[in-house]
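The values are calculated or read from the model by the stated rules, or taken from the named source; none is laboratory data. Given the structure is predicted, the values throughout are model-derived calculations rather than measurements. Positions of Cβ are generated from backbone atoms using ideal geometry, with glycine treated the same way; all protein chains shown enter the neighbour counts. These area figures cover heavy atoms from the full protein model, side chains too; ligands, DNA and RNA do not enter into them. Shrake-Rupley method; radii C 1.70, N 1.55, O 1.52, S 1.80 Å.
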Amino acid sequence: MKMTRVSFEINNEKVSLDVRPYETLLETLRERLMLTGAKEACGMGSCGACTVVMNGIPVRSCLVLAPEADGAVITTVEGLRQDGKLHPLQQAFMEKGAVQCGFCTSGMIMTAKALLERNKKPTKKEIIKTMSSNICRCTGYKKIIEAVEEAAKKI
Amino acid sequence: MNNEFNIVGKRVVRSDSLAKVTGEARYTADLKFPNMLVAKVLRSPHPHAKILKIDCSKALKVPGVKAAVSGFDSYGVKWGVFRYTQDHAMLHTDKVRYIGEDVAAVAAVDEETALEALSLIKVDYEPLPAVFDPFESMKDGAPQIHSEYKNNVNIHIHIDVGEVDKAMEKAFLVREDTFKAAGEAYAMMEPYAVVALFKNGYLDLYMPNAGPHVRAKALSNMLKLPLNRVRIRHINSGGAFGGRSEVAPGDLVASLLAIKSGQPVKLVLTREENATASRQVHDIVATVKTGMKKDGTILAKDYKVVYDGGAYSSTGPIATSIPFYVYEECYRFPNVRYNGYRVFTNKGIRGMYGCHGRAFLAGNESQMDLMAKELGLDPVDVRLKNGLKPGEVTATKSKITSCGLKETILEASEKTNFRKKWAKPSKRKGIGMGCVAIMCGFPMGFRSGSSAYVKINDDGQVTLVTGLVDNGQGNESMVIQVASEVLGVPMEDINLVCADTEVTNLDPGAYSQAAAFVGANAVRVACENARKRIVAIAAEKLGIKETEVGLKDRAAHSIKHPDKKMPISWVVREAFFRGEPIVATGSFFPHIDFEREWVTRPWGQMAGTFSFGTSVAEIEIDQETGKIKMPKFTSAHDCGRPINPMAVEGQMEGSIQQAGVAALTEGNLWDKGHLLNPNLLEYKVPLACDMPEIDTIIVSSRDPAGPFGAKEGGLTIRMNAYSAVACALTNATGELFTELPLTPDKVLTVLERKKGVK
Ligand code: FES
Ligand code: FES
């Protein structure tokens, strides 16, 4: 099978690897780089469980082909901790009780991270609007929104 | 809420959340083992067809394919929760009964190879006439889906208490209405996945499940392996909501492939497969007849409820009964008749759902409001009048012990200014209230109880072992919190080993709402037994009476002179010296009438205790489009003492989403045997922007038998939130709903009907 070489920076590390040309970034992350924090819940862009931040933008990695990520800078949930310290979003999700089954959590946190990077002081309305790109089946979203508000205060 | 405890009752960070926010928490699809194969399943394209032949020979010749299986490779042992409902072989050799049913499967080195092999499996079918509507299915001459069930009636539950017909005659007001609701999708975010490994005659399995012990038992039967050779291992679960309670066809498929290939096998369903071929929720049609006295007292209820049961029995008798029971556990019915029919159709397999029974429950509640209105009463008074009180006995003879129903009704209505708003609805706005009770556990024979054990290690750290399982509700954290309270060590000192059938004892699982009342109670007892041993040694060493010893912050201390203390680790070491390490077991068996049987003897004590709750929905209806907006939702819950109020609130908020907001959007759509909305684009799970402002109230209550006074938390709201929404519609329009979900088209029909009356 013909493979394609891609190189990108992921969680502050440069990697170079061979992928199938039609492989999704989500597969590359999960199967080749063992970064299983991003989840596949729909595989068609409708839920956001696979969200990672690519060049500052939250992307659904199930819709990105791995070769498209060539040269990109990517952050996944595994790359959020800095010097062993949790990211304020991670801390807030825990403290506010925003995590139940946890299957949507990494996608939620990555979506929120991209939001807070481009908008330091989002209003509650803006938070709700942005977080509405992701599905959570467990929480009713209340505590997720509160967690993002709380983290925004701390960043 | 005042609190005499160190940690129980506090808003603690859940023990499982760190791994989940860092991406370290492992779910089934994340697992990797050396030489692991990928499995894919060939599914039936027919809703009903005879299987003439299955030929896997070409598939097996594809390089990289390691095994292929069909029903001819299994023992054909049929699954069913009860002896009289065993009709589901999961891989069949005679016929297929729904589109998407598992027919054959392959395991190969990668997904592409597996898919190629799948396309080479040849199945010869002889299509049979199929039936998709339960009422058609019950008619004489309809296609017979299972030969042993006449007229395709899978289960008939018949309950008859008092003298219903006479009471109806005496009633001042009688109403009969019929309500329908589409079955919902579980839509748990984690699609079904299973990993199977077979080594040295032992089968190890990982999958999201709501009860590892029941699962192991079912698979040991189906695979003809001794029970201790089937080991269900612990793994995180990405949501269940009732949909992971039973053994799944994928479990059998992956196990057979692993046994055949001798290699680990992973099967991950796609979102669409998860919707069509894991489990679905029953569509329900409920006819509700109520007789009321002039003062609003319910004299009699007469029910006929038809459940579209899909192709197999599944939890049939339970699913056919539960909506009735959660209602009779809430209100006093001196005369009541219930005829529940679960009917086979050529649709996917159906199971219990956290929000099960919305047509029945929302129908009852909104009809009650309409009758109250006619009698010049308000919904609050009618509910208070008919609601059960502590010490009362339900129609089918369950005694209610602790009961905060009244408090939930009063607090929810006061908080929302309910009476005033209800009395003056506008055409556009409505407010509605829904109540229900939930049994905390129900009869499951010797599996109704739980046993746990605990050992204190030489550094004072604790290992806690229980069969209890967590599907995301926070059960793991809950029992750690309970153990922490009893043993006086922080939560982080407790290592939980759970839901692994090799090491854990029987437990009902995250099923029948038993986790807090039964599972956590067993943990409490085990820890109390260990505590007694610690206290005995500490008292001796500190030279005080046992009754004067307290345990806190990893130390045993004198309650009178807190400075007099010693670390628990010293106590433990002393115990080792004496050759009597501190290990203890504990069990809890709820007070249930085990003679009770769903079909043949539907009376007797159902559960050790019951939870109660009231929800209030406030809606606005767009008169032109029929679209409903829901600005505010309030729920009040009697869950006994909440072990972790933050976790209970989370359950309540999730319930408002999954049952309340879902009442406006969610429902499976069918074209004959085809599910039209099997994915998350077409099936509308509410998003953050769809949510109302939420207010949750936990009323103050203590259950005498619950661990620290706790009962089930959250499910009560899951089974009354839709009622509140339906009642709000009735309040605004003066009309009853006929069908859920209340999508704009259905609301317009209600509005049209109202115009017609004028
Ligand atoms: S898995 Fe990518 S959006 Fe759902
Ligand atoms: S926590 Fe379960 S899907 Fe969000």
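Where in region B:108-173 are there helices (runs of 4 or more DSSP H), lying fully within it, with 1 or more residues that are more than 30 Å from B:VAL599 (Cα to Cα) and of a type outside the set (S, T, N, Q)?
Hits in region B:108-173: B:111-119.
Looking only at region B:453-479, which residues are of a type in the set (A, V, I, L, M) and closer than 28 Å to B:GLY613 by Cβ?
Matches in region B:453-479: B:LEU468, B:VAL469, B:MET478, B:VAL479.
Of all strands (runs of 3 or more DSSP E) completely enclosed by region B:261-336, which ones contain at least 2 residues that are over 29 Å from B:LEU37 (Cβ atoms), open to solvent by 10 Å² or more (accessible area, probe 1.4 Å) and more than 16 Å from ligand 2 (Cβ to nearest atom)?
Passing ranges, in order: B:283-292, B:298-308.
Starting from region B:267-287, take each residue that is within 21 Å of B:ALA254 (Cα to Cα) and list its partners that are at pLDDT 95 or above and part of a helix (DSSP H, G or I), counting only C-beta distances under 6 angstrom and pairs at least six apart or across chains.
Once the first residue is within 21 Å of B:ALA254 (Cα to Cα) and sits in region B:267-287, its partners that are at pLDDT 95 or above and part of a helix (DSSP H, G or I) give B:LEU267/B:GLY250; B:LEU267/B:ALA254; B:VAL268/B:ALA29.
Taking only pairs six or more apart or across chains, which ones have beta-carbon atoms under 8 Å, a first residue in region A:95-106 that is on the phi < 0 side of the Ramachandran plot and away from ligand 1 (no atom under 16 Å from the Cβ), and a second residue that is hydroxyl-bearing (Ser, Thr, Tyr) and not in a loop (DSSP other than H, G, I, E, B)?
Close Cβ pairs satisfying both conditions: A:ALA98/A:THR105; A:VAL99/A:THR105; A:VAL99/B:SER17.
Out of curiosity, is A:MET3 touching a residue at least 12 places away in the same chain (Cβ under 8 Å), facing chain B (nearest Cβ under 9 Å) and more than 16 Å from ligand 2 (Cβ to nearest atom)?
no
When region B:662-683 is examined, which residues are found to be without any contact (Cβ under 8 Å) to a residue 40 or more places away in the chain and either touching a Cys at 6+ places or on another chain (Cβ under 7 Å) or at the interface with chain A (Cβ under 10 Å from one of its Cβ atoms) (or both)?
Of everything in region B:662-683, those that are without any contact (Cβ under 8 Å) to a residue 40 or more places away in the chain and either touching a Cys at 6+ places or on another chain (Cβ under 7 Å) or at the interface with chain A (Cβ under 10 Å from one of its Cβ atoms) (or both) turn out to be B:LEU681, B:GLU682.
Name the residues in region A:115-137 that are more than 16 Å from ligand 1 (Cβ to nearest atom) and at the interface with chain B (Cβ under 10 Å from one of its Cβ atoms), would you?
Hits for region A:115-137 are A:LYS125, A:ILE127, A:ILE128, A:LYS129.
Every residue in region B:216-226 that is touching a residue at least 40 places away in the same chain (Cβ under 8 Å) and in a helix (DSSP H, G or I), please.
B:ALA216, B:ALA218, B:ASN221, B:MET222, B:LEU223 - these are the residues of region B:216-226 that are touching a residue at least 40 places away in the same chain (Cβ under 8 Å) and in a helix (DSSP H, G or I).
Sort through B:ASP302, B:ASP251 and tell me the only one that's among the acidic types (Asp, Glu), touching a strand residue (DSSP E or B) at 6+ places or on another chain (Cβ under 6 Å) and assigned by TED's automatic domain parsing to the domain that holds B:ALA210.
B:ASP251 is the lone residue from the list that is among the acidic types (Asp, Glu), touching a strand residue (DSSP E or B) at 6+ places or on another chain (Cβ under 6 Å) and assigned by TED's automatic domain parsing to the domain that holds B:ALA210.
With the condition kept exactly as written, say whether any residue in region B:137-151 is outside the structural domain of B:ASN35 (by TED's automatic domain parsing), surrounded by 21 or more Cβ atoms within 10 Å (Cβ to Cβ) and among the aliphatic types (A, V, I, L, M).
Yes: region B:137-151 contains one or more residues that are outside the structural domain of B:ASN35 (by TED's automatic domain parsing), surrounded by 21 or more Cβ atoms within 10 Å (Cβ to Cβ) and among the aliphatic types (A, V, I, L, M).
Within region B:21-57, count every residue that is among the small types (Gly, Ala, Ser), within 30 Å of A:THR76 (Cα to Cα) and touching a residue at least 60 places away in the same chain (Cβ under 8 Å).
Total meeting the criteria: 3.
Could you figure out which of (1) more than 24 Å from B:ILE232 (Cα to Cα); (2) within 14 Å of chain A (Cβ to nearest Cβ); (3) crowded, with 23+ Cβ neighbours inside 10 Å isn't true of B:ARG11?
(3)
So B:MET189 clears everything in (1) of a type in the set (A, V, I, L, M, F, W, C); (2) without any contact (Cβ under 8 Å) to a residue 60 or more places away in the chain; (3) assigned to a strand (DSSP E or B) except one condition, right? Which one?
All conditions are met except number (3).
Scan region A:41-66 residue by residue and report those that are within 7 Å of another protein chain (Cβ to nearest Cβ) and either over 18 Å from B:TYR192 (Cα atoms) or within 14 Å of ligand 2 (Cβ to nearest atom) (or both).
A:ALA41, A:CYS42, A:SER46, A:CYS47, A:ALA49 - these are the residues of region A:41-66 that are within 7 Å of another protein chain (Cβ to nearest Cβ) and either over 18 Å from B:TYR192 (Cα atoms) or within 14 Å of ligand 2 (Cβ to nearest atom) (or both).
Filter the strands (runs of 3 or more DSSP E) completely within region B:558-625 down to those with at least 3 residues that are farther than 26 Å from B:ASP493 by Cβ.
So the answer is B:610-621.
Does region B:1-60 hold any residues that are within 24 Å of B:ALA196 (Cα to Cα) and hydroxyl-bearing (Ser, Thr, Tyr), and which are they?
Scanning region B:1-60 gives B:TYR27, B:THR28, B:SER44, B:SER57.
When region A:112-123 is examined, which residues are found to be surrounded by fewer than 24 Cβ atoms within 10 Å (Cβ to Cβ) and either within 16 Å of ligand 2 (Cβ to nearest atom) or without any contact (Cβ under 8 Å) to a residue 60 or more places away in the chain (or both)?
A:LEU115, A:LEU116, A:ASN119, A:LYS120, A:LYS121, A:PRO122, A:THR123
Here's the yes/no breakdown for (1) buried (at least 19 other Cβ atoms within 10 Å of the Cβ); (2) in contact with a helix residue (DSSP H, G or I) (Cβ under 8 Å, 6 or more places away or on another chain); (3) not in a strand (DSSP E or B):
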{"position": "B:LYS427", "(1), (2), (3)": "no, yes, yes"}
{"position": "B:ILE431", "(1), (2), (3)": "yes, yes, no"}
{"position": "B:ALA437", "(1), (2), (3)": "yes, yes, no"}
{"position": "B:GLY441", "(1), (2), (3)": "yes, yes, yes"}
{"position": "B:SER448", "(1), (2), (3)": "yes, yes, yes"}
{"position": "B:SER451", "(1), (2), (3)": "yes, yes, no"}
{"position": "B:VAL454", "(1), (2), (3)": "yes, yes, no"}
{"position": "B:ASP459", "(1), (2), (3)": "no, yes, yes"}
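Tell me which of these A:LEU26 doesn't satisfy, since it passes every other one: (1) over 12 Å from the mean Cα position of the chain (by Cα); (2) away from ligand 2 (no atom under 16 Å from the Cβ); (3) aliphatic (A, V, I, L, M).
A:LEU26 satisfies every listed condition except (1).
Can you pull out every residue in region B:461-510 that is assigned to a loop (DSSP other than H, G, I, E, B), within 21 Å of B:VAL535 (Cα to Cα) and open to solvent by less than 30 Å² (accessible area, probe 1.4 Å)?
The answer is B:GLY488, B:VAL489.
Please go through region A:28-49 and pick out each residue that is crowded, with 21+ Cβ neighbours inside 10 Å and part of a helix (DSSP H, G or I).
Listed by number, the residues that qualify are A:THR28, A:LEU29, A:ARG30.
Which residues, counting only those in region B:208-245, are within 14 Å of chain A (Cβ to nearest Cβ) and either open to solvent by 20 Å² or more (accessible area, probe 1.4 Å) or more than 17 Å from the chain's Cα centre (by Cα) (or both)?
Matches in region B:208-245: B:ILE235, B:ASN236, B:PHE241, B:GLY242.
Within region B:410-418, does at least one residue satisfy the condition of being at pLDDT 95 or above, part of a loop (DSSP other than H, G, I, E, B) and assigned by TED's automatic domain parsing to the domain that holds B:MET630?
Yes, that holds for at least one residue.
Evaluate the following for A:VAL99: is it within 30 Å of B:GLU184 (Cβ to Cβ), under 13 Å from the mean Cα position of the chain (by Cα) and either among the hydrophobic types (A, V, I, L, M, F, W, C) or at the interface with chain B (Cβ under 7 Å from one of its Cβ atoms) (or both)?
Here the answer is no, as A:VAL99 does not meet what is asked.
Across region B:187-207, what is the total count of residues that are open to solvent by less than 10 Å² (accessible area, probe 1.4 Å) and away from ligand 1 (no atom under 16 Å from the Cβ)?
Number of matching residues: 6.
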